[in-house]
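What follows is one structure encoded as structure tokens, with my remarks underneath.
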Amino acid sequence: MNSVMETICAICNSILSRTRSGISFQKLVNQIRREFKSNYLEIKVTTVRDKSLNEEIFYANGYYDPTDDQEGDRCIELVITHNFIKDRIWYEEPIKQLLIQVFDTVVHELRHQRQYRKRHFQMGTDRGTGYKEYLADPEEVDAYSISIAIELCRSLGKTRALRYLHNIDKLSRFKISGNFVSPCLASYRAEFPNPSDPIVKELAKKIYIRLKKIDTDYIFQ
């Protein structure tokens, strides 16, 4: 986990250092593509304009395709959804906020890649198509435990996060300046409100393991 995070963090820091004086969105996206490619990570980066969004809102999603991976094709896609013109100039703070999402998304999808490669691309158990079923998938619990540990370290710090983890229900509702300390953990609580649920218990156990092992020097923030 730490070696993957170290690589992605270095990529994000490189992008930030090259663009902090201001850059158009299109050139920023091109820079993201180049930095990943130069580090031998063939990630497909696409953008989608959603006119229903506020102009200040943007977010990154990711997808991993094990079939493409098995065939040697680009298997991870990073999708940046936004609603602004392409020649808008970006500066350091919004660039950093986007790169945080890029970091978290790519680390999450690379975990899925590792899961599939470890079992030689055999398909896992089908849990259904709903969002709750998606979160309950053991491989998502595993990947999200990393995502949550990263979010908690970024918002609370590792020591404080470990101290608060004993009450995961309270931690899932904890906000700083109106924002959840871990949006991913808040999503799990919304779908699994009972802290005694086996999914929540397994998630908490994995988060603890991730927090103990994680090197915070490799978290982009």
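Worth a mention:
- Checking each residue in segment 116-139 for being touching a helix residue (DSSP H, G or I) at 6+ places or on another chain (Cβ under 6 Å) and surrounded by 17 or more Cβ atoms within 10 Å (Cβ to Cβ) picks out Y116, L135, A136.
- Test: residue in segment 69-92 that is surrounded by fewer than 16 Cβ atoms within 10 Å (Cβ to Cβ), among the polar types (S, T, N, Q) and in contact (Cβ under 8 Å) with a residue 60 or more places away in the chain: no
- Selection within segment 34-57 - without any contact (Cβ under 8 Å) to a residue 24 or more places away in the chain and either of a type in the set (G, A, S) or buried (at least 16 other Cβ atoms within 10 Å of the Cβ) (or both): S38
- Check on Y40, farther than 17 Å from L16 by Cβ, touching a strand residue (DSSP E or B) at 6+ places or on another chain (Cβ under 7 Å) and among the aromatic types (F, W, Y): no
- Total residues in segment 190-216 satisfying the condition of being of a type in the set (D, E) and free of Cβ contacts under 8 Å to residues at least 60 places away in the same chain: the figure is 1.
Every number in this text was worked out from the coordinates using simple rules, so none of it is lab data. Everything numeric here is computed off the predicted structure, so don't read it as measured data. No Cβ is skipped: glycine too gets one built from the backbone with ideal geometry, and neighbour counts run over all protein chains shown.
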